[in-house]
Amino acid sequence: MVRYRRNFAPGGTFFFTVTLADRRDTTLVDRIVTLRDAFRVTRSERPFVLDAIVVLPDHLHAVMTLPPEDADFSGRWRRIKALFTHKAVRDGLSVPRNPRGEFALWQRRFWEHTVRDDTDFARHVDYIHFNPVKHGFVTRVSDSPDCGASRLHPGYALQGDKV
């Protein structure tokens with residue numbers, strides 16, 4: 001069995017990629033209100049700062065900062081995934097179950113990177129802002145709905161952003 005190495009840094013800032021099991025699925029954007037609610041409830045129970053996020057049809061990327069003396073990002077993702085999945089199922093989404101009887105909406109794990117410094121932080125936030133362009137959903141970062149880049153930095157353009 002593969003042993004995953006996680007950097008549990010209390011108060012750390014982390015970049016995550018969280019993906020649906022079916023990469024052709026559009027559930028995240030189809031049920032964006034449910035996803036927002038799952039984040040809201042989780043943040044009220046287990047505080048964290050959501051520094052940046054992009055939600056695409058089948059995956060999301062986020063930069064999250066945990067409170068000092070708290071390193072449990074896994075528990076937060078487990079809670080977000082569970083809240084989203086159970087509400088979506090209650091609302092009529094048909095979700096298969098795996099051999100263990102668990103809902104199989106999400107990939108079981110997620111990708112995590114510890115943000116090392118301000119330059120690393122900026123690089124990952126730029127990646128988040130540019131991701132809808134990379135996947136062909138928009139032609140410019142500023143065209144992305146709810147894009148924080150244009151609000152944070154008027155006239156914002158990334159290298160490669162078609163202005």
Q: Give the residue, chosen from T19, T26, that is out of contact with any helix residue (DSSP H, G or I) (no Cβ under 8 Å at 6 or more places or on another chain), surrounded by fewer than 16 Cβ atoms within 10 Å (Cβ to Cβ) and within 18 Å of P132 (Cα to Cα).
A: T26
**Q.** Top-ranked residue in segment 105-130 [being farther than 21 Å from R76 by Cβ and surrounded by 17 or more Cβ atoms within 10 Å (Cβ to Cβ); ranked as nearest to the chain's Cα centre (by Cα)]
**A.** H129
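Here is a yes/no grid of residues against (1) aliphatic (A, V, I, L, M); (2) modelled with pLDDT of 95 or more; (3) surrounded by 13 or more Cβ atoms within 10 Å (Cβ to Cβ); (4) in a loop (DSSP other than H, G, I, E, B):
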site: H61; (1), (2), (3), (4): no, yes, yes, no
site: H86; (1), (2), (3), (4): no, yes, yes, no
site: L93; (1), (2), (3), (4): yes, no, yes, yes
site: P99; (1), (2), (3), (4): no, no, no, yes
site: P132; (1), (2), (3), (4): no, no, yes, no
Q: List the number of the failed condition for D118; all other conditions in (1) acidic (D, E); (2) under 22 Å from V133 (Cβ atoms); (3) free of Cβ contacts under 8 Å to residues at least 24 places away in the same chain hold.
A: (2)
Q: Go through G75, G11 for me and flag whichever is surrounded by 12 or more Cβ atoms within 10 Å (Cβ to Cβ) and either in contact (Cβ under 8 Å) with a residue 40 or more places away in the chain or within 15 Å of the chain's Cα centre (by Cα) (or both).
A: G75
Q) Picking from V54, V2, V29, which residue would you name as being on the phi < 0 side of the Ramachandran plot, part of a helix (DSSP H, G or I), at pLDDT below 95 and not charged (D, E, K, R)? A) V29
Q: Just one of (1) outside any helix (DSSP H, G or I); (2) more than 17 Å from L60 (Cα to Cα) trips up A122, so point out which.
A: (1)
Q. What tally of residues in segment 17-63 results from selecting those that are acidic (D, E) and within 12 Å of the chain's Cα centre (by Cα)?
A. 2
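The values are calculated or read from the model by the stated rules, or taken from the named source; none is laboratory data. Being a predicted model, the structure only gives us computed values, none of them experimental. Glycine gets a Cβ as well: all are built from the backbone with ideal geometry, and neighbour counts include every protein chain shown.
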